[in-house]
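Contents: one structure, followed by commentary.
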Amino acid sequence: MSMPTDLRTRKRLATRQSISLAATRLFLERGFDNVTVDEIAAAAEVGRMTVFNYFPRKEDMFFDRDEEAHDVLREALRQPAAGVSPVETLRLLAHRLIAQRSPFVTFSADSKGFIETVESSETLKARARAMRDELAQTLAAELAQSAGTDPADGQVQLAAGLLVATWTVAFLSAHRVFQAKRDTAAANVAFLALIDQGSLGVKAALAATPFI
């Protein structure tokens, strides 16, 4: 008898999470570049090929929630509150994620180790830059769909680039605040202040477009 699809899915998700947790623990302990895939497989008690079945690239095990972040972005833009523009929708999303203590915007001792691990690896820094570009393209696609235009349109690309830049600056600045003060609340305030300030700037830059 074949395994029920829902059970199979749960088992696959559990295996994926086990690999990711084992990899993240090793990366944080020893640094990304000092950990091999074979060591991750051994720690997760799976075979080397199983690791690659779930994570085609080693860095994907570290940034294992990247696709989930894209989904959160898509959902927010596809289900905005009535009369709320895309730029304002994303500003409100930032506030909601902080209120919900979302792992995407957590400023803590654990996230401090995460950032330090990225900063110590050229591979992870390169992947982080690529992820920002990919997020901008996802955002451009959603903005274009909402406006009924081409994702390659200059205004769409400008909007996406400015929004991703705002979130990136706010995120990294909030981590620096936490590093200096060891105060999550202060980091949250810093993050949202920059999101709000950046959103005002984006709205000014995109005046007379469908995005504000």
Among the DSSP H helices of the chain, those whose Cα atoms extend at least 27 Å along the helix axis and whose mean Kyte-Doolittle hydropathy is -1.0 or higher are 5-30, 122-147, 154-181, 184-205
With the dipole of segment 106-212 defined by +1 on each Lys or Arg Cβ and -1 on each Asp or Glu Cβ, the option from 201, 167, 189 whose Cα lies farthest towards the positive pole is 189
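In the chain, what is the volume of the convex hull around the alpha carbon atoms, normalised per residue and reported in Å³?
150
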Once all protein chains are kept in place, residue 95 shows an accessible area at probe 1.4 Å, nearest 10 Å², of 60
Once the in-chain neighbours fewer than 8 apart are removed, the lysines whose Cα is under 22 Å from residue 112 read 58, 125, 181
Rounded to one decimal in nm, the spacing of the 7 Å Cα→Cβ label points at residue 84 and residue 126 is 3.9
Quick calc: nm separation of the 7 Å Cα→Cβ label points for residue 134 and residue 68 -> 1.5
Magnitude of the Cβ-charge dipole (Lys and Arg +1, Asp and Glu -1) of the chain about the Cα centre, nearest 20 debye, reported as 400
In terms of the charge dipole of the chain, which places +1 on Lys and Arg and -1 on Asp and Glu at the beta carbon, the residue among 84, 113, 140 farthest towards the positive end is 113
Carbon and sulfur atoms account, in whole percent of the 1.4 Å probe accessible area of the chain, for 55
Filtering GluC sites (Glu not before Pro) in segment 1-62 by DSSP loop and by at most 12 other Cβ atoms within 10 Å leaves 45
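Taking 0.36 nm per intervening residue step and subtracting the Cα-Cα distance, what contour gain separates residue 17 from residue 147 on full extension?
Values: separation 130, 0.36 × 130 = 46.80 nm, distance 3.73 nm.
Gain on stretching residue 17 to residue 147: 43.1 nm.
Treating the beta-carbon of each Lys and Arg as +1 and of each Asp and Glu as -1, no other charges, what is the dipole magnitude of segment 94-212 about its Cα centre, to the nearest 20 debye?
400
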Taking a probe of 1.4 Å and leaving out DNA, RNA and ligands, segment 41-89 shows per residue an accessible area in Å² of 55
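With a ≥ b ≥ c taken as the square roots of the eigenvalues of the C-alpha gyration tensor of segment 99-164, please select rounded if a/c is under 1.5 and otherwise prolate if a/b is larger than b/c or oblate if it is not?
Numbers: a/c = 4.01, a/b = 1.85, b/c = 2.17.
Oblate, since a/c reaches 1.5 and b/c is not below a/b.
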Between residue 42 and residue 168, the two model label points (7 Å from Cα along the beta-carbon direction) sit apart by a distance in nm of 3.8
Expected max-MSF residue from 128, 174, 159 in the GNM of the chain (alpha carbon, under 10 Å) is 128
The summed charge of the residue 186 Cβ neighbourhood (under 14 Å; Lys/Arg +1, Asp/Glu -1) stands at +3
Per DSSP, the loop-located trypsin sites (Lys or Arg not before Pro) within segment 1-103 having at most 16 other beta carbons within 10 Å are 57, 65, 101
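The values are calculated or read from the model by the stated rules, or taken from the named source; none is laboratory data. Remember, predicted model here, so these are calculated numbers, not experimental data. Using ideal geometry, Cβ is built from the backbone for each residue, glycine included, and neighbour counts are taken over all protein chains shown. SASA here: full protein model, heavy atoms, side chains in, ligands and nucleic acids out. Shrake-Rupley method; radii C 1.70, N 1.55, O 1.52, S 1.80 Å.
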